[in-house]
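What follows is a set of notes on a single structure, which appears directly below.
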Amino acid sequence: MSLFWRIFALDAVGLVVAAALLLGPVTVSTPILPGEVLVVVAGLAVLLTVNAVVLRVGLAPLGRLGRAMADADLLRPGARAVVSGPVETAELITTYNAMLDRLAAERAASAAGALSAQERERHRVARELHDEVGQTLTAVLLQLKRVADRAPKDLREELGQAQEATRAGLDEIRRIARRLRPGVLDELGLLSALRSLAAEFTTHGLTVRHDLRAGLPPLTEETELVVYRVAQEALTNTARHSGADRAELRLSPAADGVELLVRDNGTGLGAQTGESAGIRGMRERALLIGAALSVTSGANGSGGTDIRLRAAAGAAPATTAPASPGGLR
Ligand SMILES: Nc1ncnc2c1ncn2[C@@H]1O[C@H](COP(=O)(O)OP(=O)(O)OP(=O)(O)O)[C@@H](O)[C@H]1O
Ligand SMILES: [Mg+2]
């Protein structure tokens with residue numbers, strides 16, 4: 001029954017009963033007698049109580065809807081308000097859920113566009129760094145070597161230092177270019193790219209162990225890129241925030257696809273609940289391929305952080321955002 005008819009029926013019943021009583025056995029004298037006061041007050045109390053109960057029950061779904069609206073996060077799919085209550089409220093909740101679905105689809109489409117533009121731009125910057133600056137520095141290095149071969153002895157040491165500095169700059173540029181564009185992903189595949197990521201993050205204070213299982217199901221290009229970028233951001237966070245000395249990068253077959261796990265033995269997220277561009281970017285990418293991402297702390301016994309991504313093998317699900325030209329790449 002709709003909220004309108006519930007309230008109307010209740011009021012009608014109350015008023016009709018009151019009128020019938022007044023026309024029948026109940027009388028109200030002027031001035032009112034103590035017994036009559038009792039009857040009127042009791043009638044009023046019953047009417048108000050029933051009214052309050054009906055309104056409370058009828059409006060409860062609206063309260064739940066309000067809380068669902070406050071907690072809504074388009075990056076966490078599947079959370080929708082439960083449709084219940086009187087007709088008007090149920091319709092409102094259904095409309096709200098439909099609006100969330102539409103917003104999620106639009107958001108996914110624009111995120112796909114933005115991420116694809118970002119990947120293209122990274123690609124371009126990486127290529128220019130490698131092809132332009134890298135070539136120039138290589139030429140400088142060769143020139144320095146030729147000069148050093150002909151230079152007087154007292155200048156050779158300084159020229160050697162200049163060569164070293166140029167070589168270091170060249171290495172740095174190659175590293176930046178590799179980070180911007182996981183070229184190994186195209187050339188050697190996901191496993192090699194993850195292996196080199198683990199090596200790259202293994203520094204004096206942090207050892208990244210990798211456990212990359214054989215026999216993984218084939219993944220789409222988009223899924224491989226998402227797995228790579230999530231691993232990259234998770235390891236960047238481990239290096240930047242966790243204070244861990246050990247981390248693990250694992251890619252293993254899961255029920256219908258693969259599971260990526262990046263685990264560290266650091267401080268964990270603690271009371272920190274705010275997610276910044278890094279973690280939200282991971283969620284955004286996971287949504288694009290219909291993968292599930294979880295970020296948890298303290299689950300591994302060492303108090304550190306676990307980042308888990310479960311992605312389906314094979315073709316990307318049809319619910320993902322419309323692929324931009326060239327997909328994410
Ligand atoms: N492995 C981790 N160990 C401890 N704290 C972490 C870890 N990963 C993330 N955090 C905490 O979660 C916060 C949010 O991480 P997120 O990657 O979203 O942002 P960020 O790393 O601060 O900035 P950026 O947008 O550059 O990635 C971090 O600021 C940090 O406090
Ligand atoms: Mg980060």
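Rule-based calculations on the coordinates, nothing more; no lab input. Values in this document were obtained by computation on a predicted structure and should not be read as measured data. Positions of Cβ are backbone-derived with ideal geometry, glycine not excepted, and every protein chain shown enters the neighbour counts.
What length, rounded to one decimal in nm, is gained on full extension from residue 41 through to residue 171, with 0.36 nm per residue of separation minus their alpha-carbon distance? Mind showing how you got there, number by number?
Details: separation 130, 0.36 × 130 = 46.80 nm, distance 8.90 nm.
Working it through step by step, the gained length comes to 37.9 nm.
Figure the gain on full extension for residue 55 and residue 95 (residue separation times 0.36 nm, minus the Cα-Cα span) and round it to one decimal in nm.
Values: separation 40, 0.36 × 40 = 14.40 nm, distance 2.20 nm.
Value of the extension gain: 12.2 nm.
Could I have the simple spin-label model distance between residue 79 and residue 4, label points 7 Å from Cα toward Cβ, reported in nm to one decimal?
That separation, rounded to one decimal, is 3.4 nm.
Assuming a ≥ b ≥ c are the square roots of the Cα gyration tensor eigenvalues, decide whether the range 1-89 counts as rounded (a/c under 1.5), prolate (otherwise, with a/b larger than b/c) or oblate.
Numbers: a/c = 6.70, a/b = 3.23, b/c = 2.07.
Note, shape of the range 1-89 comes out prolate.
Between residue 139 and residue 240, how high is the FRET efficiency from 1/(1 + (r/R0)^6) when r is the Cβ-Cβ distance and R₀ = 45 Å? Nearest 0.05. If you can, show how the numbers build up before the last one.
Details: r = 35 Å, r/R0 = 0.78.
Computed FRET efficiency for residue 139 and residue 240 comes out at 0.80.
Which whole-number percent gives the relative contact order of the range 1-96, counting Cα pairs below 8 Å spaced six or more residues apart? Let's see the in-between values first.
Details: 43 pairs, mean separation 34.6, N = 96.
So the answer I get is 36 percent.
Using Cα atoms only, what is the angle between the long axis of helix 87-128 and the major principal axis of the chain, expressed in degrees (0 to 90) to the nearest 10?
Helix 87-128 sits roughly 10 degrees off the main axis of the chain.
Compute, for the chain, the length of the dipole vector about the Cα centre, with Cβ point charges of +1 (Lys, Arg) and -1 (Asp, Glu) only. Units Debye, rounded to 20.
That gives a dipole near 460 debye.
Find out how many positive minus negative residues lie around residue 89, taking Lys and Arg as positive, Asp and Glu as negative, among other residues whose Cβ is under 12 Å from that of residue 89.
On the way: positive: 6, 64; negative: 88, 91.
Local net charge: 0.
Give the angle, between 0 and 90 degrees and rounded to the nearest 10, that separates the Cα long axis of helix 277-288 from the longest principal axis of the Cα atoms of the chain.
Here the helix axis deviates by roughly 80 degrees.
FRET efficiency for residue 127 and residue 277, Cβ-Cβ distance as r, R0 = 25 Å, nearest 0.05? Display every interim value, and only then the final one.
Values: r = 24 Å, r/R0 = 0.98.
About 0.55, to the nearest 0.05.
Could you give me the radius of gyration and the Dmax of the chain, taking only the C-alpha atoms into account and expressing both in angstrom?
When restricted to the Cα atoms of the chain, Rg and Dmax are 33.3, 127 Å.
What number, rounded to the nearest 500 deg cm²/dmol, is the helix-based mean residue ellipticity at 222 nm of the chain, given -39500 (n - 2.57) per DSSP H run of at least four residues and division by all its residues?
Values: 9 runs with 192 residues, N = 329.
Estimated from H runs of four or more residues: -20500 deg cm²/dmol.
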